[in-house]
1. How many angstrom separate the Cα center of region 241-279 from the Cα center of region 136-162?
2. Can you give the accessible area per residue of region 150-279, in Å², using a 1.4 Å probe?
3. Hey, with R₀ at 51 Å, roughly what FRET efficiency would Val69 and Asp219 work out to, going by the Cβ-Cβ distance, to 0.05?
4. For Arg182, which sequence-distant residues (separation of 5 or more, or a different chain) have an amide H within less than 5 Å of its own amide H, given hydrogens modelled in the peptide plane?
5. Which entry in (i) 21.6; (ii) 29.2; (iii) 18.7 matches mean projected area of the Cα convex hull in nm² derived from the coordinates of this structure?
6. May I ask you to list the residues of region 38-81 whose amide nitrogen lies under 13 Å from a point 7 Å from Cα along the Cα→beta-carbon direction of His92?
7. Show me 22-33, 248-259 ranked by packing, highest mean number of other Cβ atoms within 10 Å first.
8. Tell me which lysines have Cα within less than 25 Å of Lys163's Cα, excluding those fewer than 8 residues away on the same chain?
Amino acid sequence: MIPKRLLNNSSSIAHTQPHSLSDAVSLFHRTIDNDPTSPPSEPACSTLIDNLRKARQYDAVVSVYHKMVSALVLPRFTSLSALTESFVNTHHPSFAFSVLSLMTKRGFGVNVYNLNLVLKGFCRSGQCDKAMSLFSQMKRNYDCVVPDCVTYNTLVNGFCKAKRLAEARVLFEAMKKGGDCRPNLVTYSVLIDCYCKSGEVGEGLGLLEEMEREGLKADVFVYSSLISAFCGEGDIETGRELFDEMLRRKVSPNVVTYSCLMQGLGKTGRWREASEMLK
């Protein structure tokens, strides 16, 4: 039988090296199985859970959490936060939402990072309505939590992925009116790409002009989205103009940018220009 002094030692249970984490988890389970009345210390459990979270071993986080709770070891805020992240990354956003309620019951202050994680989980699984419901609760049910740019961008991206562009645009306009969370490059990039993929390339180009008026510089992702859309519609000239513009502004094209242009040039029989671009 393993001595209790070893079983309760944080350095033994909560190894930090990735290759030894599985040994630490095995030791943790053996500790409780051998003597449920003398489980590892709470700091040891928290350290192990945090190391598993950092290593992205989310299933192990859930397993260790359930085991420590069954041994009546009360989790810290950090452990509950790691559990939230684990449920989100294993595609169980509803479970992650339940952890938020548990945090509140335990008297912990839920922060915007925790809420944004759950929003991300709902949006990634296509549950945008649940994400919006949580968003509406943020100020009402969680003290001192103010939505930030990550909150809005997560929702905008979720609605765009769900092809609910009108609702994404409503959030975008709310950001512009709010003052504290003005749309940034991420916001514009997501919306422009969504407009382009929806066949509304004119709206996307309008947003490019708007973001430039706001002092934001378009990146290769924004330009590639627009170039791809214009070339896809057969408007190679506008695509080429945007390409020349990004070069003037010292934005380096990537393989997607070149591929879109070469494909468009090829479709219109302009093989010499496509060949020169390939070179």
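1. Using only Cα atoms, the two centres lie 38 Å from each other.
2. Accessible area per residue, region 150-279: 53 Å².
3. 0.70
4. none
5. (iii)
6. Inside the label zone: 58-67.
7. The packing order, highest mean first, is 22-33, 248-259.
8. Answer for Lys163, where 25 Å is the Cα cut-off: Lys120, Lys130, Lys176, Lys177, Lys197, listed by chain and number.
The values are calculated or read from the model by the stated rules, or taken from the named source; none is laboratory data. Keep in mind it's a predicted model, so treat the numbers as computed, not measured. Note that each Cβ is placed from the backbone with ideal geometry, even for glycine, and that neighbours are counted across all protein chains shown. The area values use the complete protein model at the heavy-atom level, side chains included, leaving out ligands, DNA and RNA. Shrake-Rupley method; radii C 1.70, N 1.55, O 1.52, S 1.80 Å.
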